[in-house]
Amino acid sequence: MNKTHLNTMNKIILIIKREYLTRVKKKSFLVMSIVGPVLMAALMIVPTWLSKMDSDKTYSIAVVDQTKRFSDTIPNTGYLTNIRLTKQKPDKNKMFIRRLPDSKNYKFTFVDTLYKTKYINNFDSLAYDVLLFIPKNILASEAIEMYSNKEIPLSTKLYVTKKIEKELEKQKLRAYGIEKPIRVDIHVLSNIIGEDGELNESSSEITMVLSILSGVLIYFFIFMYGAQVMRGVIEEKTNRIIEVIISSVKPFQLMMGKIVGIAMVGLTQFLLWIILTFGIVTIVQSVMMPSNSEIIAQQMQVKNIMDDNENTDNNITLSQAQENNMNENISDAFKIVSNINWGLMLGAFFFYFIAGYLLYASLFAAVGAAVDSEADTQQFMMPITIPLILGMVMLQSIVQNPDGNLAFWFSIIPFTSPIIMMARLPFSVPEWQVFLSMAILILTFLLTTKFAAKIYRVGILMYGKKVNYKELWKWLKY
Amino acid sequence: MYILEAENIVKKYANHLALDGVNIQVKEGSVYGLLGPNGAGKTSLIRIINQITAPDSGSVKFNGETLNQKHIYNIGYLPEERGLYKKMKVGEQAVYLAQLKGLSKSDATKKLKEWFEKFDILAWWDKKVEELSKGMQQKIQFIVTILHEPKLLIFDEPFSGFDPINANLLKTEILSLKEKGATIIFSTHNMESVEELCDDITLINQSKNVLSGKLSEIKTQFRTNIFDIQFTGNVNLINISQHHQFKIIENTKIDNKTNISINLLDGNVTTNQLINTLLPSGNIISFNERIPTMNDIFIKIVDKTDVE
């Protein structure tokens, strides 16, 4: 390496450093770096948090049960009235088993059936949120009554009706001599047969989300940072600092320094987003949500209750069943997520981000050089943005048919391949296609950069000239 | 010894010839004026010297060597169209530009602080460029141009945008740089400053050199041979017998003073001989040769070549 070469390298590094630092130090970068993750974290946390907020409140419900189908005891007396339709004899320890068991959010108290009116009239002085009246003729009328001094939340109505429906259903079935639940739930476990014959569980929903997310992210980064390159070039041109700088460095070095510097800004932003989002989610979860051990403890409890009621599975409440179901779903999701080749995905993401960005950034730089102000960029932006937008529009149909002809060609054509190939990757793409797409992208990038550099070199010193495509063509030949 | 020799430079753009066989030779330690009307090709030539563009043909030698990348560090260039990054801080930006010219960060900072102090703008070090007045930005650009102590300085219209006080400050700095041994190429339309500063000049018009040489010699070459004389006496008393040697082209009388302009037709007649002829006719109050200004020469040459 001779001295001149070393200097050239040092200069490019200087330029990269300036491009990087001036952008990273901007307030807008800081704002984006914070707002982005906060929004993403909010998107992940708020729904869970809201449901938790709801669940923090415990509704105390007074039940006037005329049917005696839901209560085992006569309140206040502890006297057992066995009107259940089960064949099982009451156990001493399970004397107070009720058909409307308390849950975290709902506490049922059975009150004397005679005092319905009295309770309604004195509702305010009683510490109940809701008075639930189950009329004697419920099977015929199919109606229950609820009283409160406030609007009764839909979730409470749904919970209570669901409970009662379930219980009545069960009792009916028992009357017909059917003990075991007859409902069947089916969910699909789809499997991908790997090349080595190994089976991998997959879920098209999760893969789809991942696929669209990757495509959108690539699109977003190429567009956002490519446009920054263009604005940077226009800035230097309108500032007229360009001539001072290119008397010290070659235009190509300046262009590449700018492109690389801004790419690093993009990568920094991306990494910050990932780290901050995970950071925020983790912190918020540890503060607000029960930790894993608590969840496990809860699961154990559920399991104990289930064991206790081995013979009387009627006590597995809906919510517990749901919880079980949910846990299963989550562990399924984890299995699928861990089956995705994250190494490949991440590697491919960085490759397509960088290569796709480089391809477009050099074009954006050429556009910036060709015009005098951002207002003049329209006509040249069109051919650059159309393939990008096309890629975005195609995402939906690509995801539906990730191995179709359309998907194949658009993931090979270099102007759409960063978005489309990234979207296809979560659904296993043959290796040769990935490598072909990558190779073509690199070749195209080299070619466009060469052309862009020519336009750039001439354009940055050209002022006050209305440039059209014919003019650009001439510049290519200088 | 020439620090810069450009020979037979040709530069063609799409549909016009910017430089057509232009030559310049710049002596080390001199101030060289690069003159010419707008669009003559001055900036094209300067860009070639700065290696911003390459000539289509012709050679440029710096210090006897063919111009190459390492010479960038020996040249300081203040372009006519100049500017700075508006959002960047003054000091930071000056250090960056100096680093691009090969100075180390600490070196650049140290030197810049000295110059900022000298120009009384140190207080602006941490301000953003957009907060500065245009004149102040020009000062910063001037400092950045000369900071790496280049052997050759190229100033393209350096005085544009400066008020008279700062223009004078700049002039003093340019002369002191020359004293320290720097060579200066100076492109301008301001002919007054050319006469004040330049040792040699070249005039480029329509992509060609039309006039080159030592400033003093050019001025001699463009002598008008017209003399303005004021005297008390009678014009009619001037010896008519010598009228083939000169011609009175102007003649006015204010009070008792007569102003005449004489065009000397015979180059062999000395000023002393002319004065001798005049002496008998009255009392001479003043006698001046009408020396052409660079402005006159410029207009004359450009008009002449444009007609051709």
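The values are calculated or read from the model by the stated rules, or taken from the named source; none is laboratory data. This is a predicted model, so every value here is computed, not measured. FYI the Cβ positions are ideal-geometry reconstructions off the backbone, even for glycines, and counts take in every protein chain you see. Ligands, DNA and RNA are stripped out before the accessible areas are found, and what is left, the full protein with its side chains, is counted by its heavy atoms. Shrake-Rupley method; radii C 1.70, N 1.55, O 1.52, S 1.80 Å.
So the values come out like this:
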{"read-out": "Residue-span extension gain [B:Glu28 to B:Glu117] - 0.36 nm each, minus C-alpha spacing", "value": "29.1 nm"}
{"read-out": "Most positive-pole-ward Cα, B:Asn288, B:Gln230, B:Asn263, against dipole of the stretch B:224-289 from beta carbon charges", "value": "B:Gln230"}
{"read-out": "Two-decimal Rg to Rh for the stretch B:1-83 - Kirkwood Rh, Cα set", "value": "0.94"}
{"read-out": "Derived scalar couplings ³J(HN,Hα) [the stretch A:158-171; Karplus, 6.51 cos²θ - 1.76 cosθ + 1.60; whole Hz; x for Gly, Pro]", "value": "4, 4, 5, 4, 4, 4, 5, 4, 4, 5, 5, 4, 4, 5"}
{"read-out": "Total accessible area lost when A and B pair, probe 1.4 Å, Å² to nearest 100", "value": "2600"}
{"read-out": "Mean projected area in nm² (Cα convex hull; one quarter of hull surface) for the stretch B:124-191", "value": "5.0"}
{"read-out": "Förster radius 25 Å - calculated FRET efficiency between B:Glu130 and A:Met32 (Cβ-Cβ, nearest 0.05)", "value": "0.65"}
{"read-out": "Debye equation applied to the C-alpha atoms of the stretch A:346-453, log10 I(q)/I(0) at 0.11, 0.13, 0.18, 0.20 Å⁻¹", "value": "-0.36, -0.49, -0.85, -0.99"}
{"read-out": "Check: the stretch B:224-289 dipole with +1 on Lys, Arg Cβ and -1 on Asp, Glu Cβ, in debye", "value": "140"}
{"read-out": "By accessible area with a 1.4 Å probe, ligands and nucleic acids excluded, highest first: order of A:Met208, A:Met394", "value": "A:Met208, A:Met394"}
{"read-out": "Spin-label pair A:Lys136/A:Lys166, simplified geometry with 7 Å Cα→Cβ offset, distance in nm", "value": "2.9"}
{"read-out": "Nitroxide proxy distance, nm - points 7 Å out along Cα→Cβ at A:Val393 and B:Leu169", "value": "5.9"}
{"read-out": "Mean shadow area of chain B over all directions, Cα convex hull, nm²", "value": "21.0"}
{"read-out": "FRET efficiency for A:Phe220 and A:Val46, using Cβ-Cβ distance with R0 set to 25 Å, rounded to 0.05", "value": "0.70"}
{"read-out": "Extension gain, A:Ser286 back to A:Ile13 (0.36 nm per residue minus Cα-Cα distance, nm)", "value": "94.1 nm"}
{"read-out": "Reach of A:Lys57 by Cα under 17 Å, taken over lysines that are not fewer than 8 positions away in the same chain", "value": "A:Lys104, A:Lys107, A:Lys150, A:Lys157"}
{"read-out": "Long-range amide H partners of A:Ile241 with built H, under 5 Å", "value": "B:Gly83"}
{"read-out": "Projected area, mean over directions - the stretch B:224-289, Cα convex hull, nm²", "value": "3.9"}
{"read-out": "Heavy-atom accessible area order for A:Ile442, A:Ile144, largest first, 1.4 Å probe", "value": "A:Ile442, A:Ile144"}
{"read-out": "Residues with amide H under 5 Å from that of B:Leu4, placed H, sequence gap 5 or more", "value": "B:Val26, B:Asn63"}
{"read-out": "Of A:Lys17/B:Lys27; A:Lys465/B:Lys86; A:Lys250/B:Lys105, those spanning more than 32 Å from alpha-carbon to alpha-carbon", "value": "A:Lys17/B:Lys27"}
{"read-out": "Separation in nanometres of the label points that stand 7 Å from Cα toward Cβ, at B:Lys214 and B:Asp303", "value": "2.9"}
{"read-out": "Heavy atoms of B:Ile165: accessible area, 1.4 Å probe, square angstrom to 10", "value": "140"}
{"read-out": "Efficiency of FRET between A:Gln378 and A:Asp403 - r from beta-carbon atoms, R0 30 angstrom, step 0.05", "value": "0.20"}
